[in-house]
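The values are calculated or read from the model by the stated rules, or taken from the named source; none is laboratory data. Worth saying up front: this structure is predicted, and the values here are computed from it rather than measured. Cβ atoms come from the backbone with ideal geometry, glycine included; neighbour counts cover every protein chain shown.
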Amino acid sequence: MSKATGLAAFTRKGKGAIATQESMTTETPSMRKRGRGKGDIVALTVRLPRPEWERVHQLAVTEGVSIQTLAVEGLSKVFIEKGLPGLTE
């Protein structure tokens, strides 16, 4: 048996080429296992243009801290400016 490619790779095994309407309606979100964001720490992706990333990276190197620390400190300052409690790392 050959390995499915393209859109066929996303179909469910044992259910035929396309999942049936019945199987799609009987599965609730609570039945699915959650894979991300369930721990105490949640990962976050920030996208920057390369020149901006280079500036942020250089600042982190100059300050001797991680980009993570810079981001948390910056977001914390925004919260404080709005009269809200700052973030904790």
So which residues in the range 75-89 are within 20 Å of the chain's Cα centre (by Cα) and either outside any helix (DSSP H, G or I) or basic (K, R) (or both)? L87, T88, E89
Go through (1) at pLDDT below 90; (2) aliphatic (A, V, I, L, M); (3) assigned to a loop (DSSP other than H, G, I, E, B) and name the single condition A8 misses. (3)
Could you identify the single residue in A43, A60 that is touching a helix residue (DSSP H, G or I) at 6+ places or on another chain (Cβ under 9 Å) and either modelled with pLDDT of 70 or more or part of a helix (DSSP H, G or I) (or both)? A60
Does S30 meet the test of being assigned to a helix (DSSP H, G or I), out of contact with any helix residue (DSSP H, G or I) (no Cβ under 7 Å at 6 or more places or on another chain) and at pLDDT below 95? yes
Residue pairs, Cβ under 8 Å, 6 or more apart or interchain, first in the range 70-86 and modelled with pLDDT of 95 or more, second part of a helix (DSSP H, G or I) and among the hydrophobic types (A, V, I, L, M, F, W, C). List them. L70/V56; L70/L59; L70/A60; P85/F79; G86/F79; G86/I80
